[in-house]
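Peer 1: Got a structure here, written out as C-alpha cells. Questions coming.
The values are calculated or read from the model by the stated rules, or taken from the named source; none is laboratory data. Keep in mind the model is a prediction, meaning the values are calculated, not measured. Here the Cβ positions follow ideal geometry from the backbone for every residue, glycine too, while neighbour counts run over all protein chains shown.
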Amino acid sequence: MGGPARVKLGIGTTRPVLSLEPFIQFRAGAYDVRSIGAFTYLGSERSYYRHIDSIGRFCSLGPDITTGAAEHSTSTLSTHSMFTGQWNRTWPELFSDFGLTEEQTAVGNAALQAELKHKAKRIVIGNDVWMGDGVYVSRGITIGDGAVIAARSVVTKDVPPYAIVGGIPAKVIRLRFDEETVSRLLNIRWWDYGPAILAGVDWSSPTDCLDILEGRINAGAKKYRPQCLIVQPDDTFEIR
C-alpha cells in the first residue's frame, strides 16, 4: 500500500471480504470492493467506491471517483426515498403523525428493487483501465480491459475493451487501437504476467510489443500469481 491515508473499508452496513494483490497504492476514500488487482492505484479524500465486485491490475483511477451510489425509483409517485426506504425507523413520527405504514414502504421498496433489478450485479472494472478525475459509474456496469474514461464522465452503460469514452452520459469516442491490435491484446492478457514480461520491451510501440509478448508467452512465460492480503469485515487479515 501507499503512505498513510484515511481509508474506510465498507460503506454503511456493507463490508465485504476484501482481497488485495501486491503491489497497490491505496489512497484515501471509502471502499465497498471485493478485490483489487496488482499495480493499481486509486483513491482521494472524496473517492467513493461502492458496489464494486473487482478492480483489475494496472488500473490508474483518478481522484474523486464515485461508483454505485444509491438510486431512487422513477416509476413510482415520488422519487423521495421515504417511500421506499427505512424512514419509519429514522423518523418514526412521520408515520405515526401522518398515518403512513410500513406496508406502504415495503410495497414501494419492492417496486424500486424491480426497477433496479438489471443493476443488481456489482460493478466490474477490468485491467489497464484509466479513469479521469470525478468520473461517476452507475451500478451494474462492466468496464472492459484497456478502457479510458474521460474526466467528469457519467458512465451509464458497459464500456467495451480498449474504448475511449467521455461525456454525460459517456459515449464511445474511439478505440485506442485498431480492432486487430485490440483482439491480440485481449488474447494475450499481458497483465496476467506482471511487469516481468515487459522487461526490455519498447512499450511505446504496441505492435512491436505484441510480437515480443506473444513470443514470450508461447515460450512459456510464467503468470504473476502473488499471495494476497485478505481483509475480513472485522479488520482481521491473513496472507493467502
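Peer 1: Could you give every pair whose Cβ atoms fall below 6 Å, whose first residue belongs to the stretch 110-128 and is under 15 Å from K157 (Cα atoms), and whose second residue is among the hydroxyl-bearing types (S, T, Y), counting only separations of at least 6 or pairs across chains?
Peer 2: Final answer for the pair search is I123/T67; V124/S54; V124/T142.
Peer 1: State which residue is surrounded by the most Cβ atoms within 10 Å (Cβ to Cβ) when the search covers only the stretch 72-90 and only residues that are under 14 Å from Q113 (Cβ atoms) and in contact with a His (Cβ under 8 Å, 6 or more places away or on another chain).
Peer 2: Ranking the candidates gives T84 first.
Peer 1: I would also like to ask the following. Of all the residues that make up the stretch 157-168, how many are over 11 Å from V135 (Cα atoms) and either in contact with a Gly (Cβ under 9 Å, 6 or more places away or on another chain) or surrounded by fewer than 16 Cβ atoms within 10 Å (Cβ to Cβ) (or both)?
Peer 2: 7
Peer 1: Considering (1) surrounded by 13 or more Cβ atoms within 10 Å (Cβ to Cβ); (2) under 20 Å from V33 (Cβ atoms), say which one V172 fails and leave the rest.
Peer 2: The one condition V172 does not meet is (2).
Peer 1: Another question, then. Can you tell me how many residues in the stretch 37-69 are outside any strand (DSSP E or B), touching a residue at least 60 places away in the same chain (Cβ under 8 Å) and touching a strand residue (DSSP E or B) at 6+ places or on another chain (Cβ under 7 Å)?
Peer 2: 7
Peer 1: Moving on to the next point. What pairs come out if I take residues in the stretch 216-228 that are over 17 Å from G200 (Cα atoms) and pair them with residues that are part of a loop (DSSP other than H, G, I, E, B) and not β-branched (V, I, T) whose C-beta lies under 7 Å away, six or more apart or interchain?
Peer 2: Y224/A38; Y224/G194; P226/E21; P226/P22; P226/A38; Q227/R240; C228/E21; C228/R240
Peer 1: Which of the residues that make up the stretch 139-154 are surrounded by 18 or more Cβ atoms within 10 Å (Cβ to Cβ), closer than 17 Å to A70 by Cα and at pLDDT 95 or above?
Peer 2: Within the stretch 139-154, just I141 meets the criteria.
Peer 1: On to the next question. Could you pull out the residue among T13, T40 that is of a type in the set (S, T, Y) and at pLDDT below 90?
Peer 2: T13
Peer 1: Checking A30 against (1) among the small types (G, A, S); (2) free of Cβ contacts under 8 Å to residues at least 40 places away in the same chain; (3) within 30 Å of M131 (Cα to Cα); (4) outside any strand (DSSP E or B): exactly one of these is not met. Which one?
Peer 2: Among (1) among the small types (G, A, S); (2) free of Cβ contacts under 8 Å to residues at least 40 places away in the same chain; (3) within 30 Å of M131 (Cα to Cα); (4) outside any strand (DSSP E or B), the lone unmet condition for A30 is (4).
Peer 1: Residues that are within 28 Å of Y31 (Cβ to Cβ): find the strands (runs of 3 or more DSSP E) completely inside the stretch 97-197 holding 3 or more of those.
Peer 2: It comes to 123-125, 163-166.
Peer 1: Further question on the same structure: Taking I65 and the conditions (1) in contact with a His (Cβ under 8 Å, 6 or more places away or on another chain); (2) on the phi < 0 side of the Ramachandran plot, which numbered condition does it fall short on, given that it satisfies the others?
Peer 2: (1) is the only condition that I65 fails.
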